[in-house]
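Structure, as structure tokens:
Here, each number is a calculation from the coordinates, and none is a lab measurement. Computed from a predicted model, the values in this text were never measured in an experiment. Using ideal geometry, Cβ is built from the backbone for each residue, glycine included, and neighbour counts are taken over all protein chains shown.
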Amino acid sequence: MENENTRITKTDKELDLSGDVCPITFVKSKLMLEKMNSGQTLKVTLDYAPSAVNVPRSLEHDGHRVLKVAEIQKEVWEVYVKKA
């Protein structure tokens with residue numbers, strides 16, 4: 001995973017999961033990635049702290065590449081994932 005200062009210039013899809021909690025956040029992220037082509041980038045917005053840890057870890061375990069995880073405001077995270 002890149003550091004929080006890594007700049008992402010293009011995303012192919014965005015998924016706002018504000019209000020959702022684990023494991024739904026992971027399931028919805030995984031389902032969205034299944035619809036995407038290899039190499040495309042997904043931006044996931046989360047507002048549940050455990051999801052900001054669990055979603056990137058689980059997606060990496062599934063073989064995807066987490067490009068960046070950043071807290072963009074208090075208790076709101078953006079996760080950028082490149083589909084394997």
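Simple spin-label estimate for LYS13 and GLN73 gives 2.6 nm between the two label positions (7 Å along the Cα-to-Cβ direction from each Cα). Helical content of the chain, expressed as a calculated mean residue ellipticity at 222 nm, amounts to -9000 deg cm²/dmol (DSSP H runs of 4 or more residues, -39,500 (n - 2.57) each, divided by residue number, nearest 500).
Which one is right for this structure if log10 I(q)/I(0) by the Debye sum over Cα atoms at q = 0.14, 0.26 Å⁻¹ is calculated from it: (i) -0.48, -1.39; (ii) -0.63, -1.15; (iii) -0.38, -1.45? Looking at log10 I(q)/I(0) by the Debye sum over Cα atoms at q = 0.14, 0.26 Å⁻¹ for this model, the match is (iii). Out of residues 5 or more away from ASP20 or on other chains, whose amide H comes under 5 Å of its own, with H placed 1.01 Å from N in the peptide plane? Long-range HN contacts for ASP20: ASP47. Distances between placed amide hydrogens fall under 5 Å for GLN40 paired with LYS83, all partners being 5 or more residues away or on another chain.
The GluC sites (Glu not before Pro) found in segment 1-83 that occupy coil by DSSP, while having at most 16 further C-beta atoms within 10 Å, are GLU2, GLU4, GLU75. A dipole drawn for segment 13-82 from +1 and -1 charges on Cβ atoms has a positive end, and of SER51, LEU17, LEU33 the residue lying farthest that way is LEU33. Length available on full extension from GLN40 to ARG57: 0.36 nm per residue minus the Cα-Cα distance, which gives 4.3 nm. Applying both filters, DSSP loop and at most 12 other Cβ atoms within 10 Å, to the trypsin sites (Lys or Arg not before Pro) of segment 38-84 gives LYS74.
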